[in-house]
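Structure first, commentary second.
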């Protein structure tokens, strides 16, 4: 089985880093999505929380797919961290006072 | 780049499928069995089935709880339904956190003694807790479910000929080709089910897996969220004064008047015997897709209706539909059967995927099999055939263990795990077709003899159940026969017969030359 | 029993769709389908699959009907693959039998 690197060659550090990005980064991004929805959606509190929870799993799955499809580990991480940062900023800005 | 992308997804599909694969197989199979958990429980306690489902049954339950647990801090009565015809009693003794439980014997009106079993509940709980401490089991299953979601999506991307191969199955093709066909068919033809069951499975425990939005919005008060989202009435505080409880029957009759179709499934009494006791009647979900908590809350001493709960907001409704699809508690036999078959297809999809991993790496003649390959093959055999053996063994244990036995339910479960472990040992000692054939043969024998065992040990065997039109008992026995037959066919096909293999290869060659 | 009608529409629907493909046409009828026949098979197949949702709605209502339809399609497709592989002649024979049986059940004939 080829590791997810078109140029071939087994590179354990890159693989481990991707697995971490997928498992931990994916969970973190899912959590941030659930928080952003809970904070930002202009709905009843319970509704916004439920929608956030339901979407978070798609975000998690999306991150995993992205991480293993990205051309190199750097891009993989960037694709997790940038949206994560963005979500954090937006949630922070829209936090209930 | 496009091919590179597909390769990446194929790689991801392989490993996201293999690593949690054995757990996923077990979750799928026991979860599929749990579609009939009421029927399984009833098969395991056939003498305790109850015809009455209304006020009378509720009264019997209350009377018995008043006798055995008058000082409990809470009671719950699970009323019987058509598919789950046992009357269950739960009570929490003072100073304890967990409920104890029993089943009411309709013949005596008392909690049945002897023959205790976890019944179908064992498979149900196993499929999301793996018989581990709940926290660990649930997180582990959640992790595997997430991997499954990833495997499904990456699998769709990898499979480039979904429509061209939609009906393609070529058994008897060399190597892993026919396994790939089977895997693709099982995945593609039941794809809506696989996506649905995996995602809704995650949703069933979402407040545990993804609590962060809730934590923030409710400042860590999970109870407040649950009260709002599920609209559950707040728990009363005990007045610490005794007062007699009102008669339950009129309350149930009132609920049945409001819910003529769905009926009452559950009766909760908090602080029975206290002046502040409340009685909560929960609606059944016979013919409703969405699981929505609908409750009637009565004052326990006067029987006055205080509150009718239920949350119809769109997101809460959506979750209700998702949970309804996952639990499939509706009582439409045909639809229920379709879910069961789809669950079996999912189980087989995971199983064929696991087998394919080995088949693709089969060593050439004379090569040694690597340790990893042998390990995966043994795990495959011990899971794919070993788990059914253990499940059938669980039913055997139910019929063969003495009725009165200390920790009887635990013994049934020990036998289940002992058989499963033995299957792994056998698989590691007997790699290859021979081992597979032997385990299939054992599973077939265990399954096909279950109706016979039932005949020897109970008065509810096929000879009685069929003429009486008792489709619950007859259905279980016929189901065992069906599974036994399937395993017997598998065993026959797998049994190594050197002469035959040569002849088959020759035939195939001739056919291909002729074509 | 009335659920058979839904199956009886979905099964021939899938059969027609498969006959529009070279491999399955060759296995079941021999030769490859002409352009007209291929188009007819396709249109007929999709039409039957679409029609098969109606008995589902009628039997189980809107929400359950949609769920049941997915299940019926899955079952019909599995049945078709199993029959074409192991009993190709029966695969063709079942196609008119199932809807006839389902129609009879629907109309309440014995």
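The values are calculated or read from the model by the stated rules, or taken from the named source; none is laboratory data. Predicted model only: the values in this text are computed from it and were never measured. Heads up, the Cβs are rebuilt from the backbone with ideal geometry, glycines too, and the neighbour counts pull from every protein chain shown.
Screening residue B:141 with (1) at pLDDT below 90; (2) part of a helix (DSSP H, G or I); (3) closer than 27 Å to residue A:63 by Cα gives one miss only, at (1). Restricting the range B:277-299 to residues that are within 14 Å of chain C (Cβ to nearest Cβ) and within 19 Å of residue B:254 (Cα to Cα), the residue that is surrounded by the most Cβ atoms within 10 Å (Cβ to Cβ) is B:285.
Quick one: in the range B:427-464, which of the residues that are within 13 Å of residue B:378 (Cα to Cα) and not in a helix (DSSP H, G or I) is modelled with the highest pLDDT? Within the range B:427-464, the match that is modelled with the highest pLDDT is B:430.
Within the range B:103-128, the set of residues being part of a helix (DSSP H, G or I), over 20 Å from residue B:75 (Cα atoms) and touching a helix residue (DSSP H, G or I) at 6+ places or on another chain (Cβ under 8 Å) comprises B:120, B:122, B:123, B:124, B:126, B:127, B:128. Residues in the range C:1-49 that are within 14 Å of residue C:92 (Cβ to Cβ), surrounded by fewer than 22 Cβ atoms within 10 Å (Cβ to Cβ) and within 10 Å of the chain's Cα centre (by Cα): C:16 alone.
Looking across B:340, B:392, one residue alone is in contact with a helix residue (DSSP H, G or I) (Cβ under 9 Å, 6 or more places away or on another chain), at pLDDT 95 or above and within 30 Å of residue C:67 (Cβ to Cβ). It is B:340. The condition (being farther than 30 Å from residue A:15 by Cβ, buried (at least 17 other Cβ atoms within 10 Å of the Cβ) and in contact with a strand residue (DSSP E or B) (Cβ under 6 Å, 6 or more places away or on another chain)) is satisfied by just one residue among B:112, B:57, B:42, B:33: B:112. With respect to the conditions (1) assigned to a helix (DSSP H, G or I); (2) surrounded by 13 or more Cβ atoms within 10 Å (Cβ to Cβ), residue B:467 falls short on a single one, namely (2). Taken together, the criteria place residue B:221 among residues that are surrounded by fewer than 17 Cβ atoms within 10 Å (Cβ to Cβ), within 14 Å of chain A (Cβ to nearest Cβ) and out of contact with any strand residue (DSSP E or B) (no Cβ under 7 Å at 6 or more places or on another chain). Flag: residue B:410 does not match the condition of being surrounded by fewer than 18 Cβ atoms within 10 Å (Cβ to Cβ), under 30 Å from residue B:331 (Cα atoms), at pLDDT 95 or above and not assigned by TED's automatic domain parsing to the domain that holds residue B:102.
Counting only residues that are in a helix (DSSP H, G or I), buried (at least 21 other Cβ atoms within 10 Å of the Cβ) and touching a residue at least 40 places away in the same chain (Cβ under 8 Å), the range C:50-82 holds 10 of them. Screening residue B:167 against (1) part of a loop (DSSP other than H, G, I, E, B); (2) surrounded by fewer than 16 Cβ atoms within 10 Å (Cβ to Cβ); (3) free of Cβ contacts under 8 Å to residues at least 24 places away in the same chain leaves a single unmet condition, (2). Quick one: is residue B:281 in contact with a strand residue (DSSP E or B) (Cβ under 6 Å, 6 or more places away or on another chain) and more than 30 Å from residue C:67 (Cβ to Cβ)? In short, no.
Looking at B:19, B:23, just one residue is over 16 Å from the mean Cα position of the chain (by Cα), surrounded by fewer than 22 Cβ atoms within 10 Å (Cβ to Cβ) and closer than 18 Å to residue B:376 by Cβ, and that residue is B:19. All of (1) outside any helix (DSSP H, G or I); (2) touching a strand residue (DSSP E or B) at 6+ places or on another chain (Cβ under 8 Å) hold for residue B:252 with one exception: (1). For residue C:20, indicate whether it is within 20 Å of residue B:162 (Cβ to Cβ), more than 10 Å from chain B (Cβ to nearest Cβ) and at pLDDT below 95. So residue C:20 fits the description; yes. Based on what the data block shows, is residue B:183 more than 14 Å from chain A (Cβ to nearest Cβ), at pLDDT 85 or above and closer than 28 Å to residue B:140 by Cα? Yes; evaluated as a whole, the condition is true for this residue. Annotation: of all residues in the range A:11-57 being closer than 17 Å to residue B:9 by Cα and facing another protein chain (nearest Cβ under 9 Å), the one that is surrounded by the most Cβ atoms within 10 Å (Cβ to Cβ) is A:26. The criterion of being within 14 Å of chain C (Cβ to nearest Cβ), touching a helix residue (DSSP H, G or I) at 6+ places or on another chain (Cβ under 9 Å) and under 16 Å from residue B:17 (Cβ atoms) does not hold for residue B:322.
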